[in-house]
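J.: What follows is a structure written as structure tokens; I'll ask about it next.
The values are calculated or read from the model by the stated rules, or taken from the named source; none is laboratory data. Owing to the predicted nature of the structure, the values given are computational and were not obtained by experimental measurement. FYI the Cβ positions are ideal-geometry reconstructions off the backbone, even for glycines, and counts take in every protein chain you see.
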Protein chains: 2
Amino acid sequence: MNEQIKALCCEYDIKFTTARFSILMVLKKASQPMNYEQIKEKMDSAMDKATFYRNIALFEEAGMVHKFEGDDRKWYFELSGKTHAHFICEQCHRIICMDVDFGEVEGEVKSIVLKGICKACQS
Amino acid sequence: MNEQIKALCCEYDIKFTTARFSILMVLKKASQPMNYEQIKEKMDSAMDKATFYRNIALFEEAGMVHKFEGDDRKWYFELSGKTHAHFICEQCHRIICMDVDFGEVEGEVKSIVLKGICKACQS
DNA sequence: TATTTTATGCAACTTAGTCGCAAAGGAGAT
DNA sequence: ATCTCCTTTGCGACTAAGTTGCATAAAATA
Ligand SMILES: [Mn+2]
Ligand SMILES: [Mn+2]
Ligand SMILES: [Zn+2]
Ligand SMILES: [Zn+2]
């Protein structure tokens with residue numbers, strides 16, 4: 001795992017530090033987008049939020065991580081992969097990764113967020 | 001205009017008040033989604049932000065107004081019409097209303113926001 | 001008119017994220 | 001190893017969009 005994350009940093013031209021490792025470790029293991037609190041909880045060692053957000057900003061700028069706002073006014077992060085959409089349910093607050101096709105969109109899309117009521121909550 | 005807004009309130013079962021009129025007046029005239037500051041600026045008479053947000057929450061719940069978060073961590077509002085997407089440019093911060101088709105989406109979609117770099121900023 | 005309910009304004013509060021600054025860490029030069 | 005310079009980190013103070021409590025005002029109901 002350590003090597004994979006080092007490789008990731010290398011690929012995006014970002015210096016490898018322990019703080020960065022901690023964050024990326026959690027994101028790599030994650031199966032869902034996560035917010036600061038959630039990531040912090042999963043980290044082995046504590047980290048100041050200033051450090052966290054500064055590094056996240058770095059990752060984002062490099063295109064390594066994508067973020068979007070959840071229904072709770074918090075930012076959610078995930079490692080960039082194939083661009084896909086997230087559906088956020090206003091009732092159960094679940095975030096559902098989805099694979100929708102938009103056809104042509106002008107410009108470069110970095111995140112797509114749909115909000116509404118999920119199928120489970122509707123019935 | 002006054003009558004149209006009264007009718008709108010009536011349709012959504014919302015009592016007509018001067019504060020509500022002020023907000024809806026601005027939203028009806030708007031050609032773009034607007035945030036609190038922008039709406040306030042266009043209003044004839046001043047209004048407290050608590051009143052504003054409380055009424056907006058009411059409109060939202062009734063389904064009369066839709067909101068989404070902009071790139072600046074502010075909420076943007078517009079009168080509900082045909083559900084459509086907004087593209088927000090991370091560089092010029094323009095909000096572009098767009099008419100995309102997603103095909104089937106499970107659940108009830110209330111807002112769709114795409115973020116990225118708009119065509120104008122790309123070149 | 002008197003009573004009850006709802007809407008508004010003000011000020012204090014909450015909280016995710018930011019910023020300034022000093023200390024810690026790391027890479028290179030001597 | 002030691003010195004120097006630059007980057008990263010942690011701490012604490014700060015910012016600002018939106019929220020909440022409470023007193024007053026307006027509107028509905030009797
Ligand atoms: Mn996802
Ligand atoms: Mn629009
Ligand atoms: Zn749901
Ligand atoms: Zn742009």
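J.: Output the residue which, of all residues in segment B:89-123 that are among the polar types (S, T, N, Q) and more than 7 Å from chain A (Cβ to nearest Cβ), is farthest from A:Ile95 (Cα to Cα).
T.: If we take residues in segment B:89-123 being among the polar types (S, T, N, Q) and more than 7 Å from chain A (Cβ to nearest Cβ), then B:Ser123 is farthest from A:Ile95 (Cα to Cα).
J.: Given the conditions (1) away from every other protein chain (no Cβ under 14 Å); (2) touching a Phe, Trp or Tyr at 6+ places or on another chain (Cβ under 9 Å); (3) assigned to a helix (DSSP H, G or I); (4) within 13 Å of DNA strand C (Cβ to nearest atom), report the number of the one that B:Ile14 does not fulfil.
T.: Every condition holds for B:Ile14 apart from (3).
J.: Of the residues in segment A:28-42, how many are surrounded by 15 or more Cβ atoms within 10 Å (Cβ to Cβ) and either over 23 Å from A:His86 (Cβ atoms) or polar (S, T, N, Q) (or both)?
T.: Looking only at that region, the number is 2.
J.: Out of segment B:87-108, which residues are touching a strand residue (DSSP E or B) at 6+ places or on another chain (Cβ under 6 Å), modelled with pLDDT under 90 and among the β-branched types (Val, Ile, Thr)?
T.: The one that is touching a strand residue (DSSP E or B) at 6+ places or on another chain (Cβ under 6 Å), modelled with pLDDT under 90 and among the β-branched types (Val, Ile, Thr): B:Val100.
J.: May I pose another question? For segment B:65-107, enumerate the residues that are loosely packed, with under 15 Cβ neighbours inside 10 Å and within 16 Å of ligand 3 (Cβ to nearest atom).
T.: B:Glu106 - this is the single residue of segment B:65-107 that is loosely packed, with under 15 Cβ neighbours inside 10 Å and within 16 Å of ligand 3 (Cβ to nearest atom).
J.: Is there a residue being within 11 Å of another protein chain (Cβ to nearest Cβ), farther than 19 Å from A:His66 by Cα and outside any loop (DSSP other than H, G, I, E, B) anywhere in segment B:70-78?
T.: Yes: segment B:70-78 contains one or more residues that are within 11 Å of another protein chain (Cβ to nearest Cβ), farther than 19 Å from A:His66 by Cα and outside any loop (DSSP other than H, G, I, E, B).
J.: Which of (1) in contact with a Cys (Cβ under 6 Å, 6 or more places away or on another chain); (2) surrounded by fewer than 13 Cβ atoms within 10 Å (Cβ to Cβ); (3) hydrophobic (A, V, I, L, M, F, W, C) does A:Phe16 not meet, given it meets every other one?
T.: Against the list (1) in contact with a Cys (Cβ under 6 Å, 6 or more places away or on another chain); (2) surrounded by fewer than 13 Cβ atoms within 10 Å (Cβ to Cβ); (3) hydrophobic (A, V, I, L, M, F, W, C), A:Phe16 comes up short only on (2).
J.: OK, next. Does B:Met25 meet the test of being crowded, with 16+ Cβ neighbours inside 10 Å, within 30 Å of A:Phe102 (Cβ to Cβ), among the hydrophobic types (A, V, I, L, M, F, W, C) and more than 14 Å from every other protein chain (Cβ to nearest Cβ)?
T.: Spelling it out, it is not the case that B:Met25 is crowded, with 16+ Cβ neighbours inside 10 Å, within 30 Å of A:Phe102 (Cβ to Cβ), among the hydrophobic types (A, V, I, L, M, F, W, C) and more than 14 Å from every other protein chain (Cβ to nearest Cβ).
J.: Follow-up. Show the residue pairs meeting these rules: Cβ distance below 6 Å; 6+ apart or different chains; first residue within segment A:104-123 and part of a loop (DSSP other than H, G, I, E, B); second residue within 16 Å of ligand 3 (Cβ to nearest atom) and modelled with pLDDT of 90 or more.
T.: Listed by first residue and then by second, the contacts come to A:Cys118/A:Cys89.
J.: Tell me, please, whether a residue that is within 16 Å of ligand 4 (Cβ to nearest atom) and hydroxyl-bearing (Ser, Thr, Tyr) can be found in segment A:92-114.
T.: yes
J.: What tally of residues in segment B:19-42 results from selecting those that are modelled with pLDDT of 95 or more and either part of a loop (DSSP other than H, G, I, E, B) or over 16 Å from the mean Cα position of the chain (by Cα) (or both)?
T.: 4
J.: Residues of segment A:47-64 being within 7 Å of DNA strand C (Cβ to nearest atom) and under 16 Å from A:Met25 (Cα atoms), which ones?
T.: Residue satisfying the conditions is A:Tyr53 alone.
J.: May I ask you to list the residues in segment B:65-84 that are touching a residue at least 40 places away in the same chain (Cβ under 8 Å) and within 16 Å of DNA strand C (Cβ to nearest atom)?
T.: Listed by number, the residues that qualify are B:Phe68, B:Glu69, B:Asp71, B:Trp75, B:Phe77.
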